[in-house]
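The next block holds one structure in the form of structure tokens; read it before the comments.
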Amino acid sequence: GSSWKQIYFAESGVEKNVARESSNGLNQVELMKKFAGKFKGELGKDTVVISDIKSFGISGLEANQKVLFKDKVLSEEKNVWGYDKKYDKYICARIWKDNPEIVLMVFWFTSENTCERIPLEFISNPELATSKAIYEFKSPDLTIKTDIVNGKPVRTYSWTRVK
């Protein structure tokens, strides 16, 4: 009956403690909560992305995201993030409503207000990643995202919290 619950809670308690002691002194689990909320990104003229990110469980996040052009939905996706204590980073899986592919990414905070994202295949050697995104949290309501390809910024846009 209740033995699996005891094991689950004992293990999850251990994970919570491990998550607080990160290699670079940053609490990745706490910092990732900065992503939670509903945000709007201006991608270009008449094109926006709406991202609704919620906490899930002890350390996870889940998101529903839509790209809109003049209020017409161009694409819809779901993202799920989970904390990997071995790497002290978050792994995110992204799927699209009308595309059979899956994209796996790694997120981690390099400072209190800066988070990096790279493709999963570079988790052991982030410096070799051919593409990355940098999220700068300017305030609880404003995040600047910069997409970098082969070491050069290719696009920067802001995410603002939708009240």
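So the values come out like this:
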item: Leading residue by the ranking (farthest from GLU30 (Cα to Cα)) among those in region 135-155 that are in contact (Cβ under 8 Å) with a residue 12 or more places away in the chain and open to solvent by 30 Å² or more (accessible area, probe 1.4 Å); result: ASN150
item: Residue count for region 49-98, restricted to those that are touching a residue at least 40 places away in the same chain (Cβ under 8 Å) and surrounded by fewer than 15 Cβ atoms within 10 Å (Cβ to Cβ); result: 1
item: Test: CYS115 is part of a strand (DSSP E or B), touching a strand residue (DSSP E or B) at 6+ places or on another chain (Cβ under 9 Å), within 21 Å of LYS38 (Cα to Cα) and in contact (Cβ under 8 Å) with a residue 40 or more places away in the chain; result: yes
item: Among (1) over 13 Å from the mean Cα position of the chain (by Cα); (2) of a type outside the set (D, E, K, R); (3) part of a strand (DSSP E or B), the one test that ILE58 misses; result: (3)
item: Positions within region 101-112 being in contact (Cβ under 8 Å) with a residue 60 or more places away in the chain and either touching a Cys at 6+ places or on another chain (Cβ under 9 Å) or open to solvent by less than 60 Å² (accessible area, probe 1.4 Å) (or both), in sequence order; result: PHE107, TRP108, PHE109, SER111
item: Answer from SER131, SER158 - the residue that is surrounded by 14 or more Cβ atoms within 10 Å (Cβ to Cβ), in contact with a Gly (Cβ under 8 Å, 6 or more places away or on another chain) and among the polar types (S, T, N, Q); result: SER158
item: One residue from ASP98, ASP88 being closer than 24 Å to ASP46 by Cα and either charged (D, E, K, R) or in contact with a Cys (Cβ under 8 Å, 6 or more places away or on another chain) (or both); result: ASP98
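The values are calculated or read from the model by the stated rules, or taken from the named source; none is laboratory data. All of these numbers come straight from a predicted model, not from anything done at the bench. Note that each Cβ is placed from the backbone with ideal geometry, even for glycine, and that neighbours are counted across all protein chains shown. In case anyone asks, the SASA skips ligands and DNA or RNA and just uses the protein heavy atoms, side chains included. Shrake-Rupley method; radii C 1.70, N 1.55, O 1.52, S 1.80 Å.
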